[in-house]
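J.: A single structure is presented below for examination.
What follows draws every value from the coordinates through simple rules; no lab data is involved. Small disclaimer: the values here were computed from a predicted structure and weren't measured. Counting neighbours? That spans all protein chains shown, and the Cβs are built from the backbone with ideal geometry, glycine included.
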Amino acid sequence: MEFKEEEEEVTEPVSPTGQYFNSSVLSICILAVLESEVPIDDSHTMTLLKDVFLPINPRFSSIMVNDKNGVKQWKRVEVQLQNHVSIPIFPIGLSTTSYDSYFNDYISRLALKQFPQSQPLWEIHVVKYPTSKAAGNIIFKLHHALGDGFSLMGALLSCLQRADNPSLSLTFPSLQFPSYPDCSFSKLNITVPKCISSIFNTISDFGWSLLKSSFVEDSRSPIRSGDEEVQFKPIVISTIAFSLDHIKQIKSTLGVTINDVITGIIFYGTRLYMQRVDDKSTNANSTALVLLNTRVISGYRSVKEMFEPDAESPWGNQFGFLHVSVPELTDSRFSNPLECVTIAQEIIQRKRSSLAVNLTGRLLEVLRKFRGPEATAKHIKKTLFNSSMTISNIIGPVDKMALANHPIKGFYFMVVGVPQSLTITMVSYAGKLRVAVGTEKGFMDSQKFKSCLETAFEMISKSSCGIPSGII
């Protein structure tokens, strides 16, 4: 009897999405990289993990187990910190360019490495060698089963302080959320057209999402190998930093959102890359999965707030996705790249006005109840595999951060273990937007793709503002 009481104290159910992301067919993780301005002193690493990191969330001290009914549970365990911290050894006295190569190879191997299920699903890697972008790098590897980008970002920020004044809280850009049609009877005469449009878009988008997830594959192209085991292939991670001020100038000129500008740049750059690799693939059928945070909130919440009963923004995986066709690169769009931004805005605005994201979430829940989490995970994998790329973004702080008195020059993240040849992530930080690109090694040319994104940004920037690009 005492044993059962102890089990109740140390276990809690794994969320459905957590079960999907840590299944026999999917194992999706997040790599978050903090770039230090100063050489890294790792002497306090264990103390910081014990006193700051572990108390943030019980899941950082838990493993995933099956109960007697086969249902996955989080079980508290004693954490052996030495098993979660790695400090790689590279040759000494090399140039920063050489260390760039060592670092890139290291993070590529790290992306492929699977977590042992016998210990909590996180690791920290302290790379103390200077690269061309930082004096040192700290890599957090976190399993996506622990939470979504919003939850894990909140946890990460709990470890960081403002570099200029640690006593002050980090500040973030104001968030704006899309408005949805009000179909209430009192406003029926105003919103009937919007409601009809929303219903039509919902049916169309949900039906298309079902087809894409089940039967319709994107074309094989320079951005999609179509390899059934692509999630086990090595990847190359490269990054680009754009000026947020220049992006805001484009936004103001076109009357669109920052997300519209960025999506347009990605779509245009992707088509430029496809054209440069293979002219015949320029207009291949290519679909992007755009991930959306489904929380309707005004900013990040503390981890403590996320775990409160009836929390406005509870901890966990709360996101949906939109299937967005990458616009074809016609002659007019090649000569006027702003069309890619306006088309991206129109497509995403239309899809946001539908309820397809909500219905997709309901579909996953129905699949889980009637066929189990493994079958649902297979459906999600098929959804990812049938598309060409995934795009996700999170909002970072306006202020410069510090970790244990190490000023953070920049940071970025990458989602790994995804069955696709191309993954793009974005995070804003201290006036810059950092775009990270994960490409299938040996299939895609990461430097050429990066160059195409830079070209797309420059062409869109010049077309809208008539000024030099803001590429950093």
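J.: Of the options Asn336, His323, Leu433, report the single residue whose Cα projects farthest towards the positive end of the charge dipole of the chain (beta-carbon charges: Lys, Arg +1; Asp, Glu -1).
T.: Of the options given, the answer is Asn336.
J.: Continuing with this model, one more query. Among Ser108, Ser335, what is the fewest-to-most ranking by other Cβ atoms within 10 Å? Kindly include the intermediate steps, with their values, before the conclusion.
T.: Values: Ser108 16, Ser335 10.
Neighbour counts put them in this order, fewest first: Ser335, Ser108.
J.: In nm, what is the difference between 0.36 nm times the number of residues separating Asn336 and Val71 and their Cα-Cα distance? Please report the intermediate quantities before stating the final value.
T.: On the way: separation 265, 0.36 × 265 = 95.40 nm, distance 5.40 nm.
Residue separation times 0.36 nm, minus the Cα-Cα distance, leaves 90.0 nm.
J.: Ranked highest first by average number of other Cβ atoms within 10 Å, how do 152-165, 378-391, 227-240 line up?
T.: Details: 152-165: 18.2, 378-391: 21.0, 227-240: 16.7.
Packing order, densest peptide first, comes out as 378-391, 152-165, 227-240.
J.: Can you compute the charge dipole magnitude of the chain about its Cα centre, using +1 on each Lys and Arg Cβ and -1 on each Asp and Glu Cβ, nothing else charged? Give it in debye, rounded to the nearest 20. Could you put the intermediate results ahead of the total?
T.: Numbers: 46 positive and 45 negative charges, 179 e Å.
So the dipole magnitude of the chain works out to roughly 860 debye.
J.: Something else now. Which entries in Lys233/Lys381; Lys280/Lys351; Lys113/Lys441; Lys280/Lys462; Lys251/Lys400; Lys251/Lys432 show an alpha-carbon gap greater than 19 Å? Walk me through the numbers before you get to the answer.
T.: Details: Lys233/Lys381 15 Å; Lys280/Lys351 29 Å; Lys113/Lys441 15 Å; Lys280/Lys462 28 Å; Lys251/Lys400 24 Å; Lys251/Lys432 15 Å.
Listed pairs above 19 Å: Lys280/Lys351; Lys280/Lys462; Lys251/Lys400.
J.: In square nanometres, what is one fourth of the surface area of the convex hull spanned by the alpha carbons of segment 10-162?
T.: Details: hull surface 39.3 nm².
Reported value for the Cα convex hull: 9.8 nm².
J.: Percent antiparallel among DSSP beta bridges with both residues in the chain, to the nearest 5?
T.: On the way: 61 of 72 bridges.
DSSP beta bridges in the chain are roughly 85 percent antiparallel.
J.: Check the straight Cα-Cα distances from Lys75 and name the lysines below 22 Å, setting aside those fewer than 8 residues away within the same chain.
T.: Of all the lysines, those that pass the test against Lys75 - Cα under 22 Å, at least 8 places apart if same chain - are Lys4, Lys50, Lys141, Lys304.
J.: With the Cα gyration tensor of segment 326-401 in hand, convert its eigenvalues to equivalent ellipsoid semi-axes via √(5λ) and list them largest first in whole Å. The partial results should precede the final answer.
T.: Details: eigenvalues 202, 79, 38 Å².
Its equivalent ellipsoid spans semi-axes of 32, 20, 14 Å.
J.: For n ≥ 4 DSSP H runs only, could you compute -39500 (n - 2.57) per run for the chain, divide by its residues and tell me the 222 nm figure to the nearest 500?
T.: Numbers: 14 runs with 177 residues, N = 472.
Mean residue ellipticity at 222 nm (helix-derived): -12000 deg cm²/dmol.
J.: Among Ile56, Ile424, Ile196, rank each residue by its count of other Cβ atoms within 10 Å, from fewest to most, as a rough exposure measure. Present the calculation step by step, with values, prior to reporting the outcome.
T.: Details: Ile56 18, Ile424 25, Ile196 12.
By the 10 Å Cβ count, ascending, the order reads Ile196, Ile56, Ile424.
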